[in-house]
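S.K.: The structure under discussion is supplied below as structure tokens; questions concerning it will follow.
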Amino acid sequence: MNALEPQAPQAEWIANWFWLTVWLGVASFVLFTGFVLFGTWRAHRRNQRGEVNELNPKTGQNLVVFGGVVVPLVMIAVLLVASTINDRAIARTGRTEDVLTIEVRGHKFWWELKYRDALNPHREFRTANEIHIPAGKPVRLLLESSDVIHSFWVPSLNGKVDLIPGRTNDIIIQANEPGIYRGQCAEFCGVQHAKMAMLVIAHPPAQFDTWWETQLIPHGRPGTAIEQKGHDVFMRNGCGTCHTIRGTDARGKVAPDLSHFGGRITIAAATLPNNSGHLGGWISDPQGIKPGNYMPAVPLSGDDLQAVIQFLLGLR
Ligand SMILES: [Cu+2]
């Protein structure tokens, strides 16, 4: 998460802009320190030579006008022009007609994602917290919120844009190279704001297409006996009133879609790595891990917990 290590054209513009302001600041500091030292030295010398008297006070007016008015005006003008060029470049980069569009909906304290397909609604699907994109291509995110103002920020890819209830904002993200880029909610949204992170996972384009096809596959009967048991535990304990798993009776809409949860790298908005240990910890005590989040602890026996873990990790 470093805006100064840009991995996208938009982030490069932002980083260039940052360095321009820094170097202009350094230049003005050096210049003005120089003026002060020079002025002091000259006044001292004139005093010693007895050049200054009531008829010839030597106020140094020219230096003040030049250093205090002309130089700042030039610097501000440079910044103004550069900032306009930068803003326009960032706003335009990647805005093509047929760009891949993903709806991103902020919830306290996780990210709902819906992949759009304008030509074929049967190819649309939902997922959460991990945004898969094809590397090297612009992707448009439509930003909405279900509750309060959140802000979408993946520092190495682009600037921040707020998710505001009742309106739709958008941002273009584009990763130069395949890789994983971490992002973070950047507008205070409640107790677990700090643990509302997300990952952008950029694949080589062909691999991205495969990933999409995989997401479209609904789940049939679980493969092993323990996964079948986990499935039953999941349905019996009300997990499906909040969570959806496509192809099963779980159709809840208020929590992350778990359809291909086994393929996720992290749990609970990039809070923990996704493995059986952390998953067990999360299901048995979500409030211990993210106090104040909207998943209640559901008491399960040890065997039932193990079965649910196997079931969820098997959803790939
Ligand atoms: Cu937030």
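The values are calculated or read from the model by the stated rules, or taken from the named source; none is laboratory data. What you see is a predicted model; the values in this text were computed from it and never measured. Here the Cβ positions follow ideal geometry from the backbone for every residue, glycine too, while neighbour counts run over all protein chains shown. Please note that ligands, DNA and RNA were not included when accessible areas were found on the heavy atoms of the full protein model with its side chains. Shrake-Rupley method; radii C 1.70, N 1.55, O 1.52, S 1.80 Å.
S.K.: What is the calculated FRET efficiency for Val298 to Arg95, with r their C-beta to C-beta distance and R₀ = 41 Å, to the nearest 0.05? Let's see the in-between values first.
M.R.: Working: r = 45 Å, r/R0 = 1.09.
Once rounded, the FRET efficiency stands at 0.35.
S.K.: I've got another one for you. Evaluate Rg over Rh across region 58-149, taking Cα atoms for both radii and Kirkwood's formula for Rh.
M.R.: Values: Rg = 23.5 Å, Rh = 17.5 Å.
We get a ratio of 1.34 for region 58-149.
S.K.: Sort 44-54, 226-236, 280-290, 117-127 by packing, meaning the average of other beta carbons within 10 Å per residue, with the highest value first.
M.R.: Working: 44-54: 9.8, 226-236: 18.6, 280-290: 16.3, 117-127: 12.8.
Sorting 44-54, 226-236, 280-290, 117-127 by mean packing, highest first, produces 226-236, 280-290, 117-127, 44-54.
S.K.: Using Cα positions and a limit of under 19 Å, work out the lysines in reach of Lys290, with same-chain residues fewer than 8 apart set aside.
M.R.: Once the sequence-local lysines are set aside, what remains near Lys290 is Lys108, Lys195.
S.K.: Sticking with this one: Equivalent-ellipsoid semi-axes (√(5λ), Cα gyration tensor) for region 1-98, whole Å, largest first?
M.R.: Each semi-axis is the square root of five times an eigenvalue, giving 46, 14, 5 Å.
S.K.: Can you give the extra length, in nm with one decimal, that the chain gains between Asn16 and Asn169 once fully stretched, where that is 0.36 nm per residue apart less the Cα-Cα distance? Don't skip to the answer; put the middle values down first.
M.R.: Working: separation 153, 0.36 × 153 = 55.08 nm, distance 2.48 nm.
That pair, Asn16 and Asn169, stretches by 52.6 nm at full extension.
S.K.: While we're here: Mind ranking 251-260, 26-35 by how tightly packed they are, going by the mean number of other C-beta atoms within 10 angstrom, highest first? Display every interim value, and only then the final one.
M.R.: Working: 251-260: 18.5, 26-35: 12.1.
For the peptides 251-260, 26-35, the packing ranking is 251-260, 26-35.
S.K.: Measure off, as a whole percent, the carbon and sulfur share of the 1.4 Å-probe accessible area of region 112-191, all protein chains present.
M.R.: Numbers: 1710 of 3380 Å².
The value for region 112-191 is 51 percent carbon and sulfur by accessible area.
S.K.: Restricting to Cα atoms and excluding each atom paired with itself, what does the Kirkwood estimate give for region 239-278 in Å?
M.R.: On the way: mean 1/r = 0.0941 Å⁻¹.
Taking the inverse mean of 1/r over all distinct Cα pairs, region 239-278 comes out at 10.6 Å.
S.K.: Here's something else I'd like to know. Taking the Cα centre as origin and putting +1 on Lys and Arg beta-carbons and -1 on Asp and Glu beta-carbons, what dipole magnitude results for region 48-162, to the nearest 20 debye?
M.R.: Charge dipole, region 48-162, about its Cα centre: 180 debye, nearest 20.
S.K.: From the P(r) of region 78-207, could you give the percentage of C-alpha pairs in the tail past 22 Å?
M.R.: On the way: 3112 of 8385 pairs.
Of the Cα pairs, 37 percent sit more than 22 Å apart.
S.K.: If you don't mind, there's one more thing I want to ask. Arrange the peptides 151-158, 97-104, 302-309 so that the one whose residues have, on average, the most other Cβ atoms within 10 Å appears first. Could the numbers behind the result be given before it?
M.R.: Details: 151-158: 23.8, 97-104: 14.2, 302-309: 18.0.
Answer by packing, highest mean first, reads 151-158, 302-309, 97-104.
S.K.: For every other residue with a beta carbon closer than 11 angstrom to the beta carbon of Phe109, add +1 if it is Lys or Arg and -1 if Asp or Glu, then tell me the sum.
M.R.: Working: positive: Lys108, Lys195, Lys290; negative: Asp147.
Local charge sum for Phe109: +2.
S.K.: Next question, about the same structure. Under 13 Å from the Cβ of Ala89, count the other residues' Cβ atoms, weight Lys and Arg +1, Asp and Glu -1, and hand me the total. Don't skip to the answer; put the middle values down first.
M.R.: Values: positive: Arg88, Arg92, Arg95; negative: Glu12, Asp87.
Local charge sum for Ala89: +1.
S.K.: If you don't mind, another one. Could you tell me the center-to-center distance, by alpha carbons, between region 80-157 and region 189-231 in angstrom?
M.R.: 18 Å
S.K.: While we're on this one: Once you charge only the Cβ atoms, +1 for Lys and Arg and -1 for Asp and Glu, what is the size of the charge dipole of the chain about its Cα centre, to the nearest 20 debye? Mind showing how you got there, number by number?
M.R.: Details: 29 positive and 27 negative charges, 160 e Å.
Once rounded to the nearest 20, the dipole reads 780 debye.
S.K.: Something else about it: Would you kindly calculate the mean projected area, averaged across all directions, of the convex hull enclosing the Cα atoms of the chain, in square nanometres? Write down the numbers at each step before the final one.
M.R.: Details: hull surface 89.7 nm².
So the Cα hull casts an average projection of 22.4 nm².
S.K.: So what are the radius of gyration and Dmax for the Cα set of region 106-151, in Å?
M.R.: Rg and Dmax of region 106-151, Cα atoms, are 12.1, 33 Å.
S.K.: Can you give the local net charge around Thr271? Use residues other than it whose beta-carbon is closer than 15 angstrom to its beta-carbon, Lys and Arg +1, Asp and Glu -1. Intermediate values should be presented prior to the final figure.
M.R.: Working: positive: Lys108, Arg182, Lys195, Arg264, Lys290; negative: Glu130, Asp285.
Net charge around Thr271: +3.
S.K.: While we're here: Above 29 angstrom, tally the Cα pairs of region 152-308 and express them as a % of all pairs, no decimals. Provide the component values of the computation, followed by the final result.
M.R.: Working: 3184 of 12246 pairs.
Cα-Cα pairs of region 152-308 separated by over 29 Å account for 26 percent.
S.K.: May I pose another question? Among Ser156, Asn120, Ala135, pick out the residue whose Cα is farthest towards the positive end of the charge dipole of region 46-180, where Lys and Arg carry +1 and Asp and Glu carry -1 on C-beta, about the Cα centre.
M.R.: My answer, from the dipole projection, is Ser156.
S.K.: Round to a whole number: what % of the accessible area of region 1-65 belongs to carbon and sulfur, probe 1.4 Å? Kindly include the intermediate steps, with their values, before the conclusion.
M.R.: Working: 3080 of 4860 Å².
C and S atoms contribute 63 percent here.
S.K.: With bins 10 Å wide starting at 0, give me the P(r) of region 158-217 over every alpha carbon pair, in whole percents.
M.R.: Taking all Cα pairs of region 158-217, the binned fractions are 17, 38, 33, 12 percent.
S.K.: Accessible area per residue for region 77-190 in Å², computed with a 1.4 Å probe and the full protein assembly in place, what is it? Let's see the in-between values first.
M.R.: Working: 5240 Å² over 114 residues.
That works out to 46 Å² per residue.
S.K.: Please compute the length gained on full extension between Ala43 and Ser284, using 0.36 nm multiplied by the number of residues separating them and subtracting their Cα-Cα distance. Write out the running numbers ahead of the final one.
M.R.: Values: separation 241, 0.36 × 241 = 86.76 nm, distance 7.61 nm.
Gain on extension, Ala43 to Ser284, equals 79.2 nm.
S.K.: By how many nm would the segment from Gln228 to Phe32 grow when fully extended, if each residue of separation counts as 0.36 nm and the alpha-carbon distance is taken off?
M.R.: Numbers: separation 196, 0.36 × 196 = 70.56 nm, distance 7.41 nm.
Computed gain between Gln228 and Phe32 is 63.2 nm.
S.K.: How much accessible surface area, in Å² rounded to 10, belongs to the heavy atoms of Glu12 with a 1.4 Å probe?
M.R.: 80 Å²
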